[in-house]
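The values are calculated or read from the model by the stated rules, or taken from the named source; none is laboratory data. These numbers were taken from a predicted model, which means no experiment stands behind them. Please note: Cβ atoms are built from the backbone with ideal geometry, for glycine as well, and neighbour counts cover all protein chains shown.
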Amino acid sequence: MTQSAQHHDNAHGHDHDHDHDDHGHEEHDDYHGTVGGYTVGFLLSLVLTAIPFWLVMAKVLPSSGVTAAVILAFAVVQIVVHMVYFLHMNTKSEGGWNMLALIFTIVIVVITLAGSLWVMHHLNVNMMPMPHEMRNMP
């Protein structure tokens, strides 16, 4: 080894006695999935799919509006299950940037949906009334 190479290794504190294959992976081991974690996520996904399916097929709830609201609630829970168990999203992953990106996405989607519904409502309210003869035209 040349003197400049020795100086370079000493200046950067390189120790050639440790294994380089695991260098830098200590902080990411918590975010890799395990078979048990994937199994729990899969089983939760099955249950969160089977219950709404049963609610619709057996017509358990009295009205379609209530059924739709319950299915929507199960869908939101299933989204969270997928994000936690399969995408490994939490406040610590990628230094919190994943969670920040998710929050930003949710804000943009809410603004877009709310704005679209507001515009459609006001278009419907402010439409000119049509004469009775024109409503029945094919």
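List the residue pairs whose Cβ atoms are under 9 Å apart, where the first residue sits in region 28-45 and is at pLDDT 90 or above, the second is of a type in the set (Gly, Ala, Ser) and assigned to a loop (DSSP other than H, G, I, E, B), and the two are 6 or more positions apart or on different chains.
Gly41/Gly33
If I ask for residues that are more than 18 Å from Gly36 (Cα to Cα) and part of a helix (DSSP H, G or I), which ones from region 79-103 would you list?
Ile79, Ser93, Glu94, Gly95, Gly96, Trp97, Asn98, Met99, Leu100, Ala101, Leu102, Ile103
Looking at region 48-63, which of its residues are surrounded by 13 or more Cβ atoms within 10 Å (Cβ to Cβ) and part of a helix (DSSP H, G or I)?
Of everything in region 48-63, those that are surrounded by 13 or more Cβ atoms within 10 Å (Cβ to Cβ) and part of a helix (DSSP H, G or I) turn out to be Leu48, Thr49, Ile51, Pro52, Leu55, Val56.
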